[in-house]
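Encoded as structure tokens, the structure appears first; notes follow it.
The values are calculated or read from the model by the stated rules, or taken from the named source; none is laboratory data. As the structure is a prediction and not an experimental result, all values here were calculated from the model. Ideal geometry is used to build each Cβ from the backbone, glycine not excepted, and the neighbour counts take in all protein chains shown. These area figures cover heavy atoms from the full protein model, side chains too; ligands, DNA and RNA do not enter into them. Shrake-Rupley method; radii C 1.70, N 1.55, O 1.52, S 1.80 Å.
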Amino acid sequence: MYNEATVVADVIKGLHSEFSNIVCIDDGSTDGSPAIARAAGAVVVEHPVNLGQGAALQTGLQYALLDPATTEIVTFDADGQHQVSDARDMVSRIRSGEADVVLGSRFLDDRTQVSALKRLVLRVAALQSRMATGMALTDAHNGLRAFDSGTAAKINLTQNRMAHASELIHQLSDIKPRWVEHPVKIIYTDYSKAKGQSLLNSVNILADLLFR
């Protein structure tokens, strides 16, 4: 969560329809997001300064694993782009015994409208990831993921910013859990477009591929 004061309460309320334990990792917000998230019913862990998405993800995994009752962990964006129903179905695939890790993919069905540039960048990223790790992913930079606690405990992200997505896939290729991809819908809202996230993420992914 980074400066998501206008949307995070609705995201949390939506998640509460399926999930009882919600943790927001606030990555140095300056707009009052932590107070709003707490009021909406989430536990909030705060980074005093903005460290980046990878750092927030690692903090979230470590915090969730402090509870010995944790069985699965879902990573879910705070900006409203992810769907609660997709997260629920991904956890169900772990609980059924089908997989230890379920990775969201926006390219397994046609629900997500992706610009031509972003589609190209994501396809190239998936191909690079497949060549480097042997994991036949269709979407290597999707933030909606579900892990069983055993796999989550083995993840140790050190890349704080966009390179964490590639680092995570590399670590999974070493851990060798049973994994599947799951079709998910990503909604690129006017809000997220106004923040420039879609274009910025494409640039960041390209930089990761070229210079990592």
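Which helices, taking whole DSSP H runs in the chain, have alpha carbons extending 15 angstrom or more along the helix axis plus mean Kyte-Doolittle at least -0.5?
53-65, 84-95, 116-133, 164-175, 197-211
In Å², what does the accessible area per residue of the range 46-197 work out to with a 1.4 Å probe?
46
Charges at C-beta only: +1 for Lys and Arg, -1 for Asp and Glu. How large is the resulting dipole of the chain about its Cα centre, in Debye rounded to 20?
520
Roughly how many whole Å is it from the C-alpha centroid of the range 65-121 to that of the range 1-43?
The range 65-121 and the range 1-43 have Cα centres spaced 18 Å from each other.
Looking at GLY143, THR70, VAL23, which one has the Cα that reaches farthest to the positive end of the dipole of the range 21-145 (charges on Cβ: Lys, Arg +1; Asp, Glu -1)?
Of GLY143, THR70, VAL23, it is GLY143.
Measure off 7 Å from each Cα along the Cα-to-Cβ vector at LYS154 and GLN62, then give the distance between these two points in nanometres to one decimal.
According to this spin-label approximation, the distance is 2.0 nm.
Stretch ARG123-THR6 to full length: gain in nm at 0.36 nm per residue minus the Cα-Cα span?
Working it through step by step, the gained length comes to 39.0 nm.
What percentage of the solvent-accessible surface of the chain, computed with a 1.4 Å probe over protein heavy atoms, is contributed by carbon and sulfur atoms?
54
For the chain, what size does the Cα cloud have along each of its three principal axes, sorted from largest down, in whole Å?
Reported extents, whole Å, longest axis first: 44, 39, 32.
Report the GluC sites (Glu not before Pro) located in the range 22-114 that are in a DSSP loop and have at most 14 other Cβ atoms inside 10 Å of their Cβ, or state none.
Answer by residue number: GLU98.
Within the chain, count lysine pairs with alpha carbon atoms under 19 angstrom apart where the residues are 8 or more positions apart or belong to different chains.
Here the count comes out as 6.
What percent does the relative contact order of the chain come to when contacts are Cα pairs within less than 8 Å and at least six residues apart?
Answer for the chain is 24 percent.
Computed over the Cα atoms, what is the radius of gyration of the range 24-129 divided by 2.2 N^0.38 Å, N being its residue count?
That works out to 1.25 for the range 24-129.
Below 8 Å, C-alpha to C-alpha, sequence gap of six or more: please give me the relative contact order for the range 18-91 in percent.
29
Explain nothing, just the number: relative contact order of the range 43-142, from Cα pairs under 8 Å at least 6 residues apart, as a whole percent.
Once divided by the residue count of the range 43-142, the mean separation gives 17 percent.
Based on Cβ point charges of +1 for Lys and Arg and -1 for Asp and Glu, what charge dipole magnitude is obtained for the range 55-137 about its Cα centre, in debye rounded to the nearest 20?
380
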